[in-house]
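Enquirer: Have a look at this one before I ask anything.
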Amino acid sequence: MTEDPKQSPNHRHPGLDPGSRLNHPFVMDRETKGGWIYIMADRYRGTMYVGVTADLPARIHQHRTGDGSDFCARYNLTRLVWAERSDDIAACIAHEKRLKRWHRHWKFELIERGNPDWLDLFDRLIG
């Protein structure tokens, strides 16, 4: 009997393959008219929130002060663990919608490719 690939922790989402149309994460350009897709978390492999914004520093500040989403405030999601920029805000919104449908372990793989320890990347982005 073969194992159901959707139930296997080794099943990789095809969106994790290299070649994303979005630009490299952790490179901030405030002059861009595009946007950001990002993931907030409370701890390593904890509760996650997927969001999109045109102004990442302002949005993260909102989350940290409790003025962002009610979900982030309720679960104390203050750690920016993944972010990616695109020149096209519509592409960010479409990617956000896809990520929200992903299985948790697919999101774990995405985060851990660039941030295996789930460190807060906010200072790295604006520094």
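Enquirer: Evaluate the following for ILE39: is it touching a Lys or Arg at 6+ places or on another chain (Cβ under 9 Å), buried (at least 20 other Cβ atoms within 10 Å of the Cβ) and either modelled with pLDDT of 95 or more or of a type in the set (Val, Ile, Thr) (or both)?
Expert: Yes, satisfied.
Enquirer: Next question. Can you tell me which residue in region 60-88 is surrounded by the most Cβ atoms within 10 Å (Cβ to Cβ), limited to those that are more than 24 Å from ARG45 (Cβ to Cβ) and among the hydroxyl-bearing types (Ser, Thr, Tyr)?
Expert: Among residues in region 60-88 that are more than 24 Å from ARG45 (Cβ to Cβ) and among the hydroxyl-bearing types (Ser, Thr, Tyr), the one surrounded by the most Cβ atoms within 10 Å (Cβ to Cβ) is SER86.
Enquirer: Starting from region 48-71, keep only residues that are of a type in the set (Ser, Thr, Tyr), then list their pairs with residues that are surrounded by fewer than 16 Cβ atoms within 10 Å (Cβ to Cβ) and outside any loop (DSSP other than H, G, I, E, B) whose Cβ atoms are within a distance under 6 Å, requiring at least 6 positions of separation or different chains.
Expert: If the second residue must be surrounded by fewer than 16 Cβ atoms within 10 Å (Cβ to Cβ) and outside any loop (DSSP other than H, G, I, E, B), the pairs left are TYR49/PHE71.
Enquirer: Considering each residue of region 103-119, count those that are farther than 13 Å from LEU80 by Cβ, surrounded by 13 or more Cβ atoms within 10 Å (Cβ to Cβ) and touching a residue at least 60 places away in the same chain (Cβ under 8 Å), and give that number. Spell out the reasoning first.
Expert: Residues of region 103-119 that are farther than 13 Å from LEU80 by Cβ, as a first pass: 103-110, 112-113, 116-117.
Okay, now just the ones that are also surrounded by 13 or more Cβ atoms within 10 Å (Cβ to Cβ), so 103, 105-110, 112.
From the residues that got through so far, the ones that are touching a residue at least 60 places away in the same chain (Cβ under 8 Å) too are 103, 105-110.
Counting residues in region 103-119 that are farther than 13 Å from LEU80 by Cβ, surrounded by 13 or more Cβ atoms within 10 Å (Cβ to Cβ) and touching a residue at least 60 places away in the same chain (Cβ under 8 Å) gives 7.
The values are calculated or read from the model by the stated rules, or taken from the named source; none is laboratory data. Fair warning: this is a prediction, and the values are worked out from it, not measured in the lab. Note that each Cβ is placed from the backbone with ideal geometry, even for glycine, and that neighbours are counted across all protein chains shown.
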